[in-house]
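The values are calculated or read from the model by the stated rules, or taken from the named source; none is laboratory data. Since the structure is predicted, the reported quantities are computational estimates derived from the model, not experimental observations. All Cβ positions, glycine included, derive from the backbone under ideal geometry; neighbour counts span all protein chains shown. Only protein heavy atoms, including side chains, enter the accessible area calculation; ligands, DNA and RNA are left aside. Shrake-Rupley method; radii C 1.70, N 1.55, O 1.52, S 1.80 Å.
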Amino acid sequence: MLTTTSVKLHLGAAGYCTHPEFLTMRGGSLRPVAFPAGFACIIHPVHGPILLDTGYSSRFFKETAHLPNALYRHITPVVYREEDSAVHFLARLGLKASDIRYIILSHFHGDHIAGVRDFPQAQLIYLPRAYDAVRSLGPIAAVKAGFLPGLLPEDFDARSLPVTKQPERWVRAGEDFPFPEVYDIFGDGSLLGVDVSGHAEGMMGILLSTESHDYFLCADAVWSSRAFQEQRRPHKLAGIIMSDRQAYRRNFDRLVQLYQQFPAIRIVPSHCREALNAWGTEGEHI
């Protein structure tokens, strides 16, 4: 096992957006491709069900009804049905919104935080740099950064658990592991946070193990599995929405190295339909 405490994992998606494939992967087609807004429900043996991100929700459309936020919806067309929500997904697992005690936010783009208000009792875990990068942006700059502040609850600060509150949980990874350090989120070796900045400042992926497999939920470090499998970086135009192109390239290369050195680890990009379908909850098709 990659980690020392195993969990259960269910992968889902709440809606999807469309982009021309060539923007997300060199050599891709010009046609628009659907990219699901993936999220994960992690069942921890002590802390119960935990969410990693939330995907879209109906609130996304309310927040993008008027300019300048409407630019977000028009530049990135979104398809969403209420039955696709994280809340409905959890119901199919026999869980309620009130069962969620923690939500880990990989970063603050709208397709990852749109459902946060559906879980008013959950505490919010994230890398502080991720929020610091967007919290003070003006309306136009926020849209360019993919951030819609109205998606966050009014009591966001009170419910926040930024990971640096316990810096001793940052530990060095093994010498042969491509990412230099990880953050032990609960201090029990179950969920290890990994800084995969570049697409967004302070973006965090999660390493975890179930009883049978190791996983790396790598957020938006890539948009598809083919990207790291075939070493095909995004088109240069995609750099317009990146917080740091150099950091993106560095973490992309680390992901390729992880795939090559540790082929047994199941790498799950948030927007990869193939990965979500292959390893999602049995009976769920994204």
The residue from Ala86, Ala70, Ala91, Ala65 that alone is touching a strand residue (DSSP E or B) at 6+ places or on another chain (Cβ under 7 Å), among the small types (Gly, Ala, Ser) and over 21 Å from Glu201 (Cα atoms) is Ala86
Counting only strands (runs of 3 or more DSSP E) entirely within the range 3-54, those with at least 1 residues that are on the phi > 0 side of the Ramachandran plot and surrounded by 21 or more Cβ atoms within 10 Å (Cβ to Cβ) are 8-20
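Filter the range 165-177 down to the residues that are surrounded by fewer than 18 Cβ atoms within 10 Å (Cβ to Cβ) and out of contact with any Pro (no Cβ under 8 Å at 6 or more places or on another chain) and list them by number.
Result: Lys165, Gln166, Pro167, Glu168, Arg169, Trp170, Val171, Gly174, Glu175, Asp176.
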If we keep only residues of the range 111-137 that are of a type in the set (D, E, K, R) and not in a loop (DSSP other than H, G, I, E, B), then the residue least open to solvent (accessible area, probe 1.4 Å) is Asp111
Restricting attention to the range 222-269, the residues that are of a type in the set (Ser, Thr, Tyr), farther than 15 Å from Val194 by Cβ and in contact with a Lys or Arg (Cβ under 9 Å, 6 or more places away or on another chain) number exactly 1
Conditions (1) touching a Phe, Trp or Tyr at 6+ places or on another chain (Cβ under 7 Å); (2) of a type outside the set (Ser, Thr, Tyr); (3) closer than 24 Å to Ala14 by Cβ -> His235 fails only (3)
